[in-house]
Amino acid sequence: MYSVRTPQQNGVVERRNRTLVEAARTMLIFSSAPLFLWAEAIATACFTQNRSIIHRRFNKTPYELINGRKPDISFLYVFGALCYPKNGREDIRKLGAKGDIGFFIGYSANSCAYRIYNRRTKKIMETMNVSFDELSA
């Protein structure tokens, strides 16, 4: 049991939060992403760290401890990587752009999709129909 407004009583959680904030700050600075995407950066850092950081005591990732199997990390991409989501508009003509320009900001919590910040619409979208250019990140 912990008292209200006394984070020093729960040092383990506070340290984990600090690790996530530091990772998110690094991701935002390295990718030159707008600062309003800080929550997306923290969610992506948490998603990635749960599948990659090995717990010393159990010699497994947090994902392995909860799910009992090794995580598939083949679909991970660099935060802020330039990408081209398929243009979902119906009015695309023969020579119109088939895709928009955006950058990768995370993974969908509800499906096997990526979260993309679309530069044209200035909105966050979830899609599987996307091509990545990680060399530009």
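Read-outs: derived from the displayed coordinates by stated rules, not from any lab. Worth saying up front: this structure is predicted, and the values here are computed from it rather than measured. Glycine also receives a Cβ, built like all others from the backbone with ideal geometry; neighbour counts cover every protein chain displayed.
Where residues in region 4-31 are at negative phi and part of a loop (DSSP other than H, G, I, E, B), which of them is surrounded by the fewest Cβ atoms within 10 Å (Cβ to Cβ)? In this case the residue turns out to be Val4. State which residue is nearest to the chain's Cα centre (by Cα) when the search covers only region 35-51 and only residues that are surrounded by 12 or more Cβ atoms within 10 Å (Cβ to Cβ) and free of Cβ contacts under 8 Å to residues at least 24 places away in the same chain. Only one residue tops the list, namely Ile42. When Thr61 is tested against (1) in contact with a Ser or Thr (Cβ under 8 Å, 6 or more places away or on another chain); (2) among the β-branched types (Val, Ile, Thr); (3) in contact (Cβ under 8 Å) with a residue 40 or more places away in the chain, exactly one condition is not met: (3). When Ile105 is tested against (1) among the hydrophobic types (A, V, I, L, M, F, W, C); (2) closer than 19 Å to Glu134 by Cα; (3) in a helix (DSSP H, G or I), just one condition goes unmet, and that condition is (3).
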